[in-house]
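Q: Pasting a structure here, questions to come.
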Amino acid sequence: MTFFILLALSLSLIAVAFVALPLLRARPGAPRALGSAALVLLLLVGAGAGLYAWLGNSAWTAPSAQSGTDQAIPTLARHLEQQPDDLSGWLDLGQAYGAIGNYSLALRCYQRANRLAGGESAAALSGMAEAMLMGEDTSQAAKAQELLERALQLDPHSPKALFYSAVAAYRDGRLDVARQRFQLMLDLGPPESIRTALQRQIDDIDAQIKGAKPAASQASAPTAPAAPSDAAPARSADEATAIHLHLTLSPALAGKVPAEAWLFVFVRAPGGGPPLAVKRISASLPQDVDLSSVDAMVAGRSVQAGQNVSVVARISASGSPLPQSGDLYGEIQTIAGKGGTQALQIDKSNP
């Protein structure tokens, strides 16, 4: 991230932002949290860093390596110590914290900016909403949507507010509203890779409105070469960073895999932050899965050869990559590029 993260989700966006994306289509009886849907759309949009840079508040947040963001934070913090009433500075600092996945501090910065603006800054309002959604606290989803609608009243062409509110409309089945807002984003002239993803999403919505089933290549959400795959992946060509897994399900959990569930496999750094690599695949077990630097969510943040990492495999009934009650999961610690196939058993259940 951040699609995103929403988000480079570094926020690249995701952490994007984040950042996020086929999981937006709700299944009957399986409600989605807006944050989960937004994160997944960010992932699937493809050029996560490009999307987040476009959704961002200012030009300093280019799709560069995370180290650039890390360096920007102390610079911005020192500046704000001397000029605490600098609205744009607080917006930039909020974006910077979001870019490294620290959404609690990002929210505080956007709240400070909102106070300085007297509640009249679309950037501050949409930034607050984004931090709430990407912070994985589903209880704030309703408040975040209120902030997004207020932001659009102030600035009907805010890319960030349009994006997240479009995701919410899609999730809630308001396809006409989702289409209108994705189209408005397209009309703003985003980068070509983002235009392609948005157009695919619009085409998918058109197919759903007409009652036609989307083609398999365009089902549910935009896809791109770097997006998680819906099919069993082939061996990665990047053996220097490759992690080869053999996934199995504990016999004790047999029969507990919900129908139409999805399997997410994440590679995470010991220090936390957005995943270094991620794949979304069908929850059929056993199966072999490979991840490497080519599966990075965000430009400039990927698994490195010889890096100590944790790998988590999670079966999600809701289709959300974020932990939910009842999810089945397993985890191992390993070294990227170690070689050989490693066993990862899904043997735990979220309470």
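The values are calculated or read from the model by the stated rules, or taken from the named source; none is laboratory data. Keep in mind it's a predicted model, so treat the numbers as computed, not measured. So basically every Cβ, Gly included, is an ideal-geometry build from the backbone, and we count neighbours across all protein chains shown. With ligands, DNA and RNA removed, areas are computed over all heavy atoms of the protein, side chains included. Shrake-Rupley method; radii C 1.70, N 1.55, O 1.52, S 1.80 Å.
Q: Look at segment 96-105 and say how many of its residues are open to solvent by 30 Å² or more (accessible area, probe 1.4 Å) and part of a helix (DSSP H, G or I).
A: Count: 3.
Q: Another question about this same structure. Cβ-Cβ below 6 Å, separation at least six or inter-chain, first residue in segment 290-313 and farther than 14 Å from A240 by Cα, second of a type in the set (K, R) and modelled with pLDDT of 85 or more: which pairs?
A: Close Cβ pairs satisfying both conditions: S310/R268.
Q: In segment 329-351, how many are under 13 Å from F266 (Cα atoms) and of a type in the set (S, T, Y)?
A: Number satisfying all stated conditions: 2.
Q: Evaluate segment 282-295: report whether one residue or more is touching a Phe, Trp or Tyr at 6+ places or on another chain (Cβ under 8 Å) and either part of a loop (DSSP other than H, G, I, E, B) or modelled with pLDDT under 90 (or both).
A: Within segment 282-295 (the criterion being touching a Phe, Trp or Tyr at 6+ places or on another chain (Cβ under 8 Å) and either part of a loop (DSSP other than H, G, I, E, B) or modelled with pLDDT under 90 (or both)), the answer is yes, since at least one residue qualifies.
Q: Right, something else. Tally time: how many residues in segment 300-351 are among the aliphatic types (A, V, I, L, M) and over 18 Å from K256 (Cα atoms)?
A: The number of residues fulfilling the criteria is 10.
Q: Check A123, A161 and return the single one that is in a helix (DSSP H, G or I), under 19 Å from the mean Cα position of the chain (by Cα) and crowded, with 19+ Cβ neighbours inside 10 Å.
A: A161
Q: Keeping to segment 130-153, report how many residues are buried (at least 18 other Cβ atoms within 10 Å of the Cβ), over 17 Å from F182 (Cβ atoms) and among the aliphatic types (A, V, I, L, M).
A: Of the residues in segment 130-153, 7 are buried (at least 18 other Cβ atoms within 10 Å of the Cβ), over 17 Å from F182 (Cβ atoms) and among the aliphatic types (A, V, I, L, M).
Q: Name the residues in segment 106-118 that are open to solvent by 50 Å² or more (accessible area, probe 1.4 Å) and either not charged (D, E, K, R) or not in a helix (DSSP H, G or I) (or both), would you?
A: Q111, L116, G118
Q: For residues that are in contact with a Gly (Cβ under 7 Å, 6 or more places away or on another chain) and part of a strand (DSSP E or B), scanning just segment 322-348, find the one that is nearest to V294 (Cα to Cα).
A: In this case the residue turns out to be I335.
Q: Also, I was wondering about something else. Take the residues of segment 321-342 that are surrounded by fewer than 16 Cβ atoms within 10 Å (Cβ to Cβ) and of a type in the set (V, I, T): which is nearest to the chain's Cα centre (by Cα)?
A: Checking each candidate, the answer is I332.
Q: Output yes when any residue across segment 79-95 is within 19 Å of Q201 (Cβ to Cβ) and either surrounded by fewer than 24 Cβ atoms within 10 Å (Cβ to Cβ) or not polar (S, T, N, Q) (or both), and no when none is.
A: No.
Q: Next question, about the same structure. Read through the list (1) modelled with pLDDT of 85 or more; (2) within 16 Å of the chain's Cα centre (by Cα); (3) not polar (S, T, N, Q), then give the number of the only condition that V311 fails.
A: All conditions are met except number (2).
Q: Sticking with this structure for a sec: Given (1) under 24 Å from S318 (Cα atoms); (2) modelled with pLDDT of 50 or more; (3) surrounded by fewer than 15 Cβ atoms within 10 Å (Cβ to Cβ), identify the lone condition not met by A216.
A: With (1) under 24 Å from S318 (Cα atoms); (2) modelled with pLDDT of 50 or more; (3) surrounded by fewer than 15 Cβ atoms within 10 Å (Cβ to Cβ) applied to A216, the lone miss is (2).
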